[in-house]
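Asks: Just passing along the structure, written as structure tokens.
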Amino acid sequence: MLEFTVAGLALGSIYAIVASGLVITYVSAGVLNFAFGPMAFFLARFYYFLHSEQSMGILPAFVIAVLIGGPLLGVALYFALFQHIRRSSTLIKIVATIGLSVALPAASRLIFGDLAVTVVPGLAPEPVAVYRVGGVAINLNQVLMMGALVLLVVVGGLALKFTQVGLVVRGMVDTEAMSQLVGVNTRLVSVGVWAFSSFLAGVAGVLVAPTVGLSSDQFILLVSAAFAAVVIARFVSVGVAIVAGLLIGWLTTVIQSQLPSDSSWTTAVVASTPFALMLMVLLYYRVTGRGADEDTGVGGALDRAIAVVDTGTAKTVGGSVRRISQGSRGPLIAPGVLIALVCVAVLPQVLPNYWVGLVAQGICMAIVFLSFTLLTGQGGMVWLCQAALAGIGAVTTAQLVTEFGWPVIPSLLAAAVVTSLFGLVIGLVTIRLGNLYIALVTLSFALLIQTMMFTREWIENNGAGIAVLRPDWLRTDADFLYFGLVVFSLAALVVLNFRRSTAGLALAAVRSSEAGARSIAINVVQAKLMVAVLASATAGVGGGMMALYAGAATPLTYSAILGMVWLAVLVTMGVRSNIAALFAGMALTVFPGIFSTYLPHSLGDVPTVLFGVGAILVARDPEGVVATQSRQITGLVKQLGRSAGRRPSTTSPPGDDMITPTAQQAQGEVAR
């Protein structure tokens, strides 16, 4: 038992360091950094490159990669991203940091190479020294983990309390506006905070790499587990976060010691412990209403009173806010959308079968992306469990088709029903939570499904998943493309109909101006539940389609981390547009195919970097590529119309029906 306690405290020390870094940036900048894990991975990979590949000593490699590289990375990211989202809405902060979490691991593979590293050295010289304390073996890496935490607590605590720098930081946390009035350079302080947080990421990454390996997925899971400590600390208390991190590490190893070592359930339960704990704490906050205010971390009352919050509303060049749909006055489907669908339908006649298959696979992805369009684009909510819901839909479809002999279409409908029930439960739990809590609840759910359900042998089947055969009428990829296009069109019509409904207009009004929506007594609870159910059903159908195309429902296809990549891809194209979902799905499959076919293998991660950067740019342009291009096309058409002396067409280009309405327009429609 003592041996597991020591191991738990070593792991808990890493959780505590990560949690303290997350809390520091949240209370000083108002940003919960979902990219902390990828930042730690990037710096750990840099250290490995210097130490193992370039044969540099431990100390100089640590100094360059962590002491110098860590703060420089934090400063670069501050000027590139974090300074632009400090006063943005929670939605934009989450999406932008998720984009960063997608781009950084791919960028590290481009810079340092894509190596399958199984043995990773830490800060302890090889061979790692082992000490025996009270009959328990403790290696030097574990000692360094706990020592780093002690050093952080002692030095950091003393610096914050007794130094001028600590006084300035605490003053800015309390009120940035008053700090500026007394001559404090708050921008310089913010740069220092992000530099220190990035340094902590580097320390945590290098220390934990010998335990989890150099896998970006494992680093993301590690930080996701540390979110539990941040939640227990209510995002604001560094001391509570450190204690909670230690307790979570200790609890995880104690549970492991009490379970049989040869059971697959043991691995699943141990891996799920932090996520289950986080979910329970979030549910407790939901019931008691004791969670943190999402305005915490952006200064005091004066700062919030004078702040101009960027909600991400799309604006025209002239500054006017553009509307989300044409309501009952416009056509059901814009001609531009029909042209896009026809162009996709023609592709099997002009492309080789390889590319037709990629397009068909992309259409299946696009159906899943429509669930993001409903939740994030229409509902203004960030759910990070859409990949898990798609996986549940895939498993349901595969089981019904393979084990029970159901036809394809009833199986897909059954998958929609099953996932909609999950969506209803999640919606009821999160309905009155802020976007930050919604993101964490859904991330916890996705990770629990991934570790507890998708690891079952009857689903995983040694990595092969549950086999599912296509029916005879879907044998060729061209046939599947046409079927997928029909399913996508039907799902897009459902999204469009919801957008034009009273519930959709109510959500649009709240997203544009929550105070204005309250003034006319709009109740969005029913609308949010409806969008949660519809989005979950859509994700289930999309997951079933993915399984049908692949010939199996494989769990690795539906991991929570891949779900973040999906969100980044859609945000790049435009999270508010149905046609952007179609382009995003095809981009996710076709772009990597182009790179793998025509470009060197070393550039294979470029599309992922671009998708991540596209999600980061949501801080500057929330519309995405499709809506931005459609706006430019509309302007060109109007210019040509004026130059020809004719009245310009008012028909919406592809994706134009997804731009945010003004509060007055949406509220007026609801009121009527």
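Asks: Could you tell me the distance between the Cα centroids of segment 7-40 and segment 196-230, to the nearest Å?
Replies: Distance between centres, Cα-based: 8 Å.
Asks: Given the Cα-Cα distance of Leu167 and Thr597 and 0.36 nm per residue of separation, how much length would full extension add, in nm?
Replies: Computed gain between Leu167 and Thr597 is 149.1 nm.
None of the figures in this text is laboratory data; all of them are computed from the coordinates on show. Note that the structure is a prediction, hence the values are computed from the model and not measured.
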